[in-house]
1. Identify, please: which residue in region 293-307 is open to solvent by 20 Å² or more (accessible area, probe 1.4 Å) and at pLDDT 85 or above and is, among those, nearest to the chain's Cα centre (by Cα)?
2. Mind counting the residues in region 67-92 that are surrounded by fewer than 16 Cβ atoms within 10 Å (Cβ to Cβ) and either on the phi > 0 side of the Ramachandran plot or of a type outside the set (S, T, N, Q) (or both)?
3. If residue 686 passes every condition in (1) open to solvent by less than 30 Å² (accessible area, probe 1.4 Å); (2) assigned to a helix (DSSP H, G or I); (3) within 16 Å of ligand 2 (Cβ to nearest atom) but one, which one does it miss?
4. Go through region 157-211 and count every residue that is open to solvent by less than 20 Å² (accessible area, probe 1.4 Å), polar (S, T, N, Q) and part of a loop (DSSP other than H, G, I, E, B).
5. Would you mention how many residues in region 384-427 are modelled with pLDDT of 90 or more, more than 17 Å from residue 299 (Cα to Cα) and within 16 Å of ligand 2 (Cβ to nearest atom)?
6. What is the residue count in region 124-149 for residues that are over 19 Å from residue 172 (Cα atoms), surrounded by fewer than 19 Cβ atoms within 10 Å (Cβ to Cβ) and among the hydrophobic types (A, V, I, L, M, F, W, C)?
7. Could you pull out every one of the helices (runs of 4 or more DSSP H) wholly within region 216-292 that has 2 or more residues that are free of Cβ contacts under 8 Å to residues at least 40 places away in the same chain and under 31 Å from the mean Cα position of the chain (by Cα)?
Amino acid sequence: MIALDTPIQFVKGVGPRVAEKLKEKNILVVEDLLYHLPFRYEDRLNPRALNELVPGEMASVIAEVRGTVLLRTKRMPIFEMTVGQGPTSMKCMWFHGTYLKDKFQPGQMLALYGKVEPSRSRAGAFKMIQPQIEVLPGPNDPEETLLEVGRIVPVYESLGGAQLSSRWLRRVIYRLLEDLGGVLPETLPVELCERMQLPSRAEALRQAHFPPAGTGLRSLQAAATPAHQRLIFEELFFLELGLELKRRRMRERLGPAFTADPRVREALKQVLPFHPTAAQKRVLSEIVQDLRQPTPMRRLLQGDVGSGKTIVALQAAFIAIENGYQAALMAPTEILATQHFLAARRLLERSQRQPPYHVVLLTGSLDEDRKRTNRGRIVRGEADLVIGTHALIEEKVEFANLGLVVVDEQHRFGVMQRFRLMKKPNTAEPHVLVMTATPIPRTLALTLYGDLDVSVLNELPPGRTPIVTRRVVDERAEEVWGFVRKQVAAGHQAYIVYPVIEGSKDDQPELDFAHDPEGEAGSVEASSAAKRTKGGPAAGKRTGTKSRAKTGSLFEKPALKSAVAMCEELRATHLAGLRLGLLHGRLSAEEKEVAMRRFQRGELDVLVATTVIEVGVDVPNATVMAIEHAERFGLAQLHQLRGRVGRGAARSYCILMTAGRVTPQAEERLDAMVRTQDGFELAELDLTLRGPGEFFGTRQAGLPDFRVANLLRDRKLLELARQEAARFVERGEKEMSRTSVEIVWAYLKAHWQRHYGLVEAG
Ligand code: ADP
Ligand code: MG
């Protein structure tokens, strides 16, 4: 008997060898295969007539083979086939198509799917280049005919080679559904399905694979049929259910309850250098609410660049310290840690408290003695506030009594688990505040960050003038340098940013090209370069530059200007006489700090840099952000870079300089930058352009790979799933039968670990 948990190799038509292949695709049991849904559908019930096609559209047609020929051109062999319907015909061609020779006989019926192009040949008004192709079964194969012709046909992503093609999948899945018989164990409560008018699981799977005649093709493609919606909802419901449980379990943990009495508030007020914005006040009170609870805070603070997150964090730290606990502030880079350290010291020095606060810096570049001394002070409880880089604080430090951890500029996920390590046995867990400048729509944030509550700083401090953003082509660079001189003459400072550190080709870009693959689309060389640098800034030197040098100019990327070379050039030419500094990731920590501090103190006029300055750096006197090769940067990066200026009262400028060809995608990014400064709007667009996987870096996030759902497309269902999951936990027992409730828990238990992998099942 076949059941959902039957290992895949026992399925008719599979066997051990194919099962091995399927395993690579994470398909282990029958259920996995059933959830491998078609990625598109072909309407072979009402096929298109050849003479009604429209150039430019993607179309599927059914036509008969008329003739084939293999043309051996100088550059490559081309396989040409003429297909026809009655008197009309169409030409199809495949480059390097030798493998197709002898595969077709005149009279055979084919299903073709491809882009319709105009054609001037006598064979008809249209042609298709490299269409997808399927030979339709002959009349003496009734089962195949049933699946392939005269219906809406599912098209699957191949699970490996021609052997495990769409056609193979259709047959195997069809038989599977037959063998399983119309009933499959439910996963969702019937009460819920009825209330939401969702089809049963069996029905949904059947219809998603083999849509009944009359189903709209468009709603199929958009995964908007009731069948699809049910399967998507199911997936999201269990995800949210697991997260809901996780949140609840968190609330059972023990954290230090702080007081924020009038004395503490008065002390806080004393050190504040300015009036907080209304948003800062609101967020702080949300944080204080959490801190007063005897459960550990797990809060995400989202605030656009420059919205003033640091001060909120320091206020929270202040409360912890006033309550007799230690606080830790973790930054992603040494530059930022040092900057926070200086800011915190300035702030706390304003207080009259005796004894004074002890702030300790902990970064990799401190010498070993200093580090040891500082660690000693931390473990003995002599340090009130510890500021350092993530890695250092997480891995190596023992605290006397840590009450609050603040993580600044956290783009990566999966941070939460690690804080448990910082907890001593039998003590309360510290409160945790994570801050990010990457705005994420609320529902997504709640899902992605799992068990975090979310606060939003949606207001910029007063007195900011909007940043003027302009695009400039490389040819007008001289004007830009002239403008920089003018701003410097007026007492301001400027950043000039480059995508690579050194050398135009051999260099490993500081920029993470992997985040932006489409920016390179069309160039073979470039796309392999993107792969090579996938390891990010830490990856080794790029290799393979030799072969690039030999390729013709057609595929040559325009030479990239680099920070090192341009710093020298500008110093000698257009910016001669100004004080230029250089900052990039390959400098030693000390050199970085010196450059940064000199810029901060106004001892440098211009900082030539790579994206190391992307995050968090705060120099209010800087008014110009010039970015060369802006077309190479991702939207989030550009927005972060722009956020480095416009921090003071003077008008600031962001100049996006482009060189050479700009892809349509890059155009869109640059346009958006000029159009808006709203981080949420830009994040939404970024999300749409890159897709959720790229945007969130799913793999690093430890996010589940969804089988059916798509976080971006299915946001409404996600919200619904979230509500329903909470309701189920809250009232499920009252509203539903015992069987329904048990079904849900059983499914969650069996699947959470494997598919969502976020928490231990429970
Ligand atoms: P981000 O949210 O990007 O980390 P910061 O905390 O670095 O922003 O703050 C940006 C700048 O705004 C800093 O120079 C900070 O001193 C200033 N700032 C923050 N809050 C206020 C406020 N309420 N009024 C005036 N300036 C503020
Ligand atoms: Mg910041």
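The values are calculated or read from the model by the stated rules, or taken from the named source; none is laboratory data. The shown structure was predicted, so the numbers you read here are calculated from the model rather than taken from an experiment. FYI the Cβ positions are ideal-geometry reconstructions off the backbone, even for glycines, and counts take in every protein chain you see. To get the accessible areas, we keep the full protein, side chains included, count just its heavy atoms, and leave off ligands, DNA and RNA. Shrake-Rupley method; radii C 1.70, N 1.55, O 1.52, S 1.80 Å.
1. 299
2. If we filter region 67-92 for residues that are surrounded by fewer than 16 Cβ atoms within 10 Å (Cβ to Cβ), which is where we start, we get 67, 69-76, 86-87.
Applying the additional criterion that residues be either on the phi > 0 side of the Ramachandran plot or of a type outside the set (S, T, N, Q) (or both) yields 67, 69-72, 74-76, 86-87.
Summing the residues that are surrounded by fewer than 16 Cβ atoms within 10 Å (Cβ to Cβ) and either on the phi > 0 side of the Ramachandran plot or of a type outside the set (S, T, N, Q) (or both) in region 67-92 gives 10.
3. Only one criterion is unmet by residue 686, namely (3).
4. Number of matching residues: 1.
5. 2
6. Number satisfying all stated conditions: 3.
7. On the way: elements: 217-221, 226-251, 262-271, 278-291.
In region 216-292, 217-221, 226-251, 278-291 are the helices (runs of 4 or more DSSP H) which contain 2 or more residues that are free of Cβ contacts under 8 Å to residues at least 40 places away in the same chain and under 31 Å from the mean Cα position of the chain (by Cα).
Okay, residues lined up against (1) assigned by TED's automatic domain parsing to the domain that holds residue 591; (2) out of contact with any Cys (no Cβ under 6 Å at 6 or more places or on another chain); (3) more than 14 Å from ligand 1 (Cβ to nearest atom); (4) closer than 26 Å to residue 591 by Cβ:
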position: 293; (1), (2), (3), (4): no, yes, yes, no
position: 297; (1), (2), (3), (4): no, yes, yes, no
position: 302; (1), (2), (3), (4): no, yes, no, no
position: 310; (1), (2), (3), (4): no, yes, no, yes
position: 313; (1), (2), (3), (4): no, yes, no, no
position: 316; (1), (2), (3), (4): no, yes, no, no
position: 321; (1), (2), (3), (4): no, yes, yes, no
position: 324; (1), (2), (3), (4): no, yes, yes, no
position: 344; (1), (2), (3), (4): no, yes, no, yes
